[in-house]
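Novice: Shown below is the structure under consideration.
The values are calculated or read from the model by the stated rules, or taken from the named source; none is laboratory data. All values reported here derive from a predicted model rather than from experimental measurement. Here the Cβ is made from the backbone with ideal geometry for all residues, glycine too, and neighbour counts use every protein chain on show.
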Amino acid sequence: MTKLQNFTKGILKENPILVSVLGLCPTLAITKSVENAIGMGIAILFVLVFSNFIISLIRNIVPNEIRIPMFIVVIATLVTLVEMLMAAFLPALHESLGIFIPLIVVNCIILGRAEAYASKNKPLDSIIDGAGMAIGYTLVLIIISLIREFLASGTITIWGDLRLTVNPEQSAQIFTSFFVSPPGAFIILGLLLGIVAAIRNHKKEVKKQ
């Protein structure tokens with residue numbers, strides 16, 4: 001596998017949400033706005049890249065019996081650092097994401113990549129793997145939040161005061177309450193999963209012919 005393939009697999013072929021179906025709890029909870037999605041994506045990118053890097057460096061010196069606890073210690077340290085930085089410099093975002101920042105520690109994507117990839121590969125390859133997975137995860141968060149926020153209010157908050165508004169007065173009130181709720185998030189995520197599954201099945205059928 002080339003480095004480019006290693007990077008892009010997390011965006012397309014092995015996307016954490018759309019293919020592996022991991023990290024769904026924060027996906028459904030924080031995608032009420034694009035700002036939240038970008039913030040969570042940056043946090044995941046930092047933790048995933050550096051945890052992969054550190055775990056790859058220590059993979060040959062950590063006894064097999066304690067590798068999982070050691071992975072969690074590394075991840076928890078990085079998450080604590082992210083939370084402290086966000087609380088200091090982005091307090092509004094920190095408050096908006098709330099409990100889902102510390103819960104990154106138990107995010108299946110982070111621990112899964114540590115166990116499945118970083119513990120078995122070199123540091124550079126592990127960094128590329130982590131970056132690709134994090135970017136793939138972030139892109140799906142942004143897509144879901146774009147749909148939810150637009151259908152709910154007709155306004156998309158990119159970051160801070162930067163907003164894109166399309167006839168907010170014409171947005172149906174029923175959408176406002178539904179698409180910011182968990183059922184609305186489930187439906188949008190389900191539609192995306194269905195579309196991706198249909199595309200993958202079509203490609204398999206084409207290859208068989």
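Novice: In the list ASN36, ASN15, which residue meets the criterion of being surrounded by 18 or more Cβ atoms within 10 Å (Cβ to Cβ), modelled with pLDDT under 95 and in a helix (DSSP H, G or I)? Break it down stepwise before answering.
Specialist: Working: ASN15 fails: in a helix (DSSP H, G or I).
When all the criteria are applied, what remains is ASN36.
Novice: With LEU78, LEU57 as the choices, which residue is assigned to a helix (DSSP H, G or I) and surrounded by fewer than 18 Cβ atoms within 10 Å (Cβ to Cβ)?
Specialist: None of the others qualify; the one that does is LEU57.
Novice: Of all residues in the stretch 123-137, which are surrounded by fewer than 20 Cβ atoms within 10 Å (Cβ to Cβ) and among the hydroxyl-bearing types (Ser, Thr, Tyr)?
Specialist: none
Novice: For GLU169, state whether it is charged (D, E, K, R), loosely packed, with under 15 Cβ neighbours inside 10 Å, over 19 Å from VAL34 (Cβ atoms) and at pLDDT below 80. So that I can check it myself, show each step before the final result.
Specialist: On the way: charged (D, E, K, R): yes; loosely packed, with under 15 Cβ neighbours inside 10 Å: yes; over 19 Å from VAL34 (Cβ atoms): yes; at pLDDT below 80: yes.
Yes; evaluated as a whole, the condition is true for this residue.
Novice: Can you tell me which residue is surrounded by the most Cβ atoms within 10 Å (Cβ to Cβ) among those in the stretch 84-122 that are over 19 Å from VAL19 (Cα atoms) and touching a Lys or Arg at 6+ places or on another chain (Cβ under 9 Å)?
Specialist: Taking the candidates together, the pick is ALA118.
Novice: Return the pair list, or none, for Cβ contacts closer than 7 Å from residues in the stretch 47-75 that are under 10 Å from ALA114 (Cα atoms) to residues that are among the polar types (S, T, N, Q) and assigned to a loop (DSSP other than H, G, I, E, B), at least 6 apart or on different chains.
Specialist: Taking only residues 6 or more apart or on different chains, the pairs are SER56/ASN121.
Novice: Now a separate question. Looking at LEU193, LEU164 in this structure, which one is modelled with pLDDT of 65 or more and surrounded by 12 or more Cβ atoms within 10 Å (Cβ to Cβ)?
Specialist: Values: LEU164 fails: modelled with pLDDT of 65 or more.
Being modelled with pLDDT of 65 or more and surrounded by 12 or more Cβ atoms within 10 Å (Cβ to Cβ) holds for just one of LEU193, LEU164, which is LEU193.
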